[in-house]
Amino acid sequence: MKQEISALMDGELFDDDVGMVMDHLKRDHATRMNWATYHLIGDVLRQPDHIHSDLSAKVHERMRDEPALLVSRGHAVKQKMRTFALSAVASLSAVGVVAWMSLQISPEIAPQLAMQQAAMRPASMQIQPKSDNYLMAHQEFSPSTDVNGGASYIRTVSYGIDDSPPKNNQTEKQAK
Amino acid sequence: MRLCVPLCGLLLAVSANLHAEELPVGFDWLEVAAFAGHQTDYSGVFVYQFGNQVETSSIVHINDADREYEKLESLDGPKRELIRHDGQVWSYDHDKLVQLDSRQGSNQFPSLLPEQLSALKANYQAKLLGVERVAGYNAQVILFQPKDNLRYTHKLWIHTDTGLLLKAAVLGERNRIVEQYAFTQLQLGGKVDRSWGGTCDLADMHGKTLATTPEAAKNYPSTNSGWVADALPAGFNKIMEILRPMPGKHGPVTQIVYSDGLSAISIFIEPDDHDEDDVDGLSSRGAVNLYHKVLDQYLITIVGEVPPHTVMQVADSVRYNGK
Amino acid sequence: MTERDVDQQLVERVQRGDKHAFDLLVSKYQRRLGRLISRFVRDAAEAEDVTQDAFIKAYRALPGFRGESAFYTWLYRIGINTAKNHLLANKRRAPTSTPFDAEDAESFEEASLLREVNTPENELMSKQVVDVVQASLQQLPEDLRSALTLREIEGLSYEEIAGVMNCPVGTVRSRIFRAREAVAENLRPLLETSKGKRW
């Protein structure tokens, strides 16, 4: 893995391996340390007069208070395919319905739906149940309530959070 | 389905333009759907999907003599029920009905205010995409595409006969689905199954047995708190500013609501109670994004069915402009 | 896949909720960003705080990053703004009177105008790290040392290095890795003794 890290940081890793190596970096603290050390070496060689103490631990500490992001993007299709394959078992029950739904969706969207499904998975900082009151208060004045009727209240009673904690929490724990 | 007759006339007028590609007429469908959503009797099962979550729920909606009764019930996961009656909302909490919220006024025939309609036309492009079948019914498909990236695309499937919304998808960047829900099974009009509790039972509940909590007192006072948001996306007009009670809060909370006709953004302002659990930052559920931040001893909460960066942009621009 | 693509992939991972991917960007860019910021903020401890702030700001702004520019130019722009805001807040004047934006960031990289002021303890540590790296490099076999130098100092691609060294690209890949690993081997005991303020 160390050799792959070395090639990755130089932008010289084979495209097919990038996702796997990055997944490994995500999981493995020691691998991230190798990444950090190799970059330190590069910086020492380039700018030996400007080496200062490591800030990444401090930044990481401050990042604990930051929510995980959720931005859906159009690229990295290969990456999402792979995630989907890995997570297919976990979401087996969902797949049937989603497959059904994708038939109902217009052609320009249908092929992406399954991948979309997977791509959204790791990014969730879900709204906490204790914030439901804000959602409820908001929902009553939202035009979506007029157009969508009572069904739009499903957002305020959705139970997703209780059932499956956000994945990033789990990885946080593993890292400790 | 007594309302079917006048509605059909309205829809015929709209349907005449069905095959044209891009017409302002698309916006009329919103009013049709809003009208039908209140007036139509229906019962059915729908699925709601966001991210990797799929949930199934049943819904019954009855309008008797202009009084609306509605029950939403989850069919999977922990049992949850929500009852709406004339703009008030109750939920079952350990077998006891608790009133959650009360919409100001009865709001029987909500239609778009003129300024909302002009905001809609200025900020979205409506496209009629033809007719598709949903849950066995024909539906007109309409796409509302925003002209900037500060709001989501809304795709609606509206029943061509009754005007009822059969399916809705919220799309983000590159037409990716942020959330969607769709009826998988639907009964309309006279065929509605009333066995779930019946209109009479609900009416009784409304009059007597429903516990009314202080939070749900009607008609929250309007206020002018002096709080403003400078960076609202174009077309988001202020709908109201109220001082309201909120469950779990000691004092009243200021709520300011802005809407562009399709989506709304609420700003909540309350004294910061230093609750560690109110995590600063962004969280999401389907198309709804929520952002908490503390500003000068106040907890500011932004909620809206707009993209995360829009909620954050609004949050960053909130300031006190009072005396 | 270029280095910029690797950054872009890391950015996309952060945008999909992977905070560790952001750690990787921090460990990669912290010294370059710190050096840029210390041009504005002379005090070393202050510069360190501002660098941290800039990373947090970058994280918060990341949902809006669309990859039109390279991540590092975008990051530098945030770093410069953070530094300027810091100076404004301190009611001090920025040391440069000429406008300075991200386009200049790269040329500044080479300009090396800056002398960092470190606390004695950190300075000692920094010096040790530099000494170990440089000593280790000298001990490396010639082919490993050349490969790593051509990559890190000259910035050549593997293919270009293969041309210079007259060997297959696969050999370049292996030499650079072995060089890094040999230096890292010597560095690790030092980095581990300073746990808590990791290097």
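The values are calculated or read from the model by the stated rules, or taken from the named source; none is laboratory data. Quantities reported herein were computed from a predicted structural model and do not represent experimental measurements. Cβ coordinates were reconstructed from backbone atoms using ideal geometry, including for glycine residues, and neighbour counts include every protein chain displayed. Remember, those area values only see protein heavy atoms, side chains included, never the ligands or the DNA or RNA. Shrake-Rupley method; radii C 1.70, N 1.55, O 1.52, S 1.80 Å.
If you go through segment A:29-53 and keep only what is surrounded by fewer than 16 Cβ atoms within 10 Å (Cβ to Cβ) and touching a residue at least 24 places away in the same chain (Cβ under 8 Å), you end up with just A:H29.
Among the candidates B:D296, B:D260, B:D272, which residue alone is farther than 17 Å from C:P63 by Cα, in contact (Cβ under 8 Å) with a residue 60 or more places away in the chain and not hydroxyl-bearing (S, T, Y)? Lay out the reasoning, then the answer.
Working: B:D296 fails: in contact (Cβ under 8 Å) with a residue 60 or more places away in the chain; B:D272 fails: in contact (Cβ under 8 Å) with a residue 60 or more places away in the chain.
Result: B:D260 is the single residue among B:D296, B:D260, B:D272 that is farther than 17 Å from C:P63 by Cα, in contact (Cβ under 8 Å) with a residue 60 or more places away in the chain and not hydroxyl-bearing (S, T, Y).
Per the listing B:L202, B:L232, B:L156, the residue uniquely surrounded by 15 or more Cβ atoms within 10 Å (Cβ to Cβ), modelled with pLDDT under 85 and hydrophobic (A, V, I, L, M, F, W, C) is B:L202.
Within the option set B:S58, B:S74, being more than 30 Å from A:L69 (Cα to Cα), assigned by TED's automatic domain parsing to the domain that holds B:G189 and surrounded by fewer than 23 Cβ atoms within 10 Å (Cβ to Cβ) holds for one residue only, B:S58. On the given criteria, is C:V11 among the β-branched types (V, I, T) and either assigned by TED's automatic domain parsing to the domain that holds C:Y158 or farther than 23 Å from A:P48 by Cβ (or both)? In short, yes.
Can you tell me which residue among A:L8, A:L25, A:L40, A:L13 is at the interface with chain C (Cβ under 7 Å from one of its Cβ atoms), modelled with pLDDT of 90 or more and over 30 Å from C:Q128 (Cβ atoms)?
Values: A:L8 fails: over 30 Å from C:Q128 (Cβ atoms); A:L25 fails: over 30 Å from C:Q128 (Cβ atoms); A:L40 fails: over 30 Å from C:Q128 (Cβ atoms).
Exactly one residue qualifies, and that residue is A:L13.
Within the set C:D5, C:D53, C:D49, the sole residue that is open to solvent by 10 Å² or more (accessible area, probe 1.4 Å), under 24 Å from A:R46 (Cα atoms) and more than 7 Å from chain A (Cβ to nearest Cβ) turns out to be C:D49.
Yes/no matrix, rows are residues, columns are (1) in contact with a strand residue (DSSP E or B) (Cβ under 7 Å, 6 or more places away or on another chain); (2) farther than 25 Å from B:N175 by Cβ; (3) hydroxyl-bearing (S, T, Y); (4) assigned to a loop (DSSP other than H, G, I, E, B):
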position: B:P233; (1), (2), (3), (4): no, no, no, yes
position: B:M240; (1), (2), (3), (4): yes, yes, no, no
position: B:H250; (1), (2), (3), (4): no, yes, no, yes
position: B:E270; (1), (2), (3), (4): yes, yes, no, no
position: B:H274; (1), (2), (3), (4): no, yes, no, yes
position: B:H292; (1), (2), (3), (4): yes, yes, no, no
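Of a type in the set (S, T, N, Q) and either within 21 Å of the chain's Cα centre (by Cα) or open to solvent by 40 Å² or more (accessible area, probe 1.4 Å) (or both), is that true of A:Q3? So A:Q3 passes the test. The single residue among B:L72, B:L113, B:L100 that is within 7 Å of chain A (Cβ to nearest Cβ) and at pLDDT below 75 turns out to be B:L100.
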